[in-house]
Amino acid sequence: MAGASISAMSDTTAPPGEDTPVQAVSIVRLHGEACWHCGATLGELFAAGHITLPGQDRVWPVVVCAKHREAP
């Protein structure tokens, strides 16, 4: 997936830089097991949308922690 980037996200929560290289995003974030913004895995996580990767059909869930739930 070298050179791939995040192409789209549903809902109103945008990922940090839509040109973030996929290799910079941890697998736990792509699996919806860590806050998209800070990587937190402890505490409650809230659904924030979905992303798809260029050239792929897989839809990945995005979650955020309480601190980033209201992030602009």
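Scanning segment 24-72 for residues that are in a loop (DSSP other than H, G, I, E, B) and among the polar types (S, T, N, Q) yields 26, 41, 56. Taking the criterion of being touching a residue at least 12 places away in the same chain (Cβ under 8 Å) and of a type in the set (Val, Ile, Thr), the residues of segment 35-72 that qualify are 41, 51, 52, 62, 63, 64.
Values quoted throughout were computed directly from the atomic coordinates according to the rules given, and no laboratory measurement underlies them. Keep in mind the model is a prediction, meaning the values are calculated, not measured. All Cβ positions, even for glycine, are placed from backbone atoms using ideal geometry, and neighbour counts span all protein chains on display.
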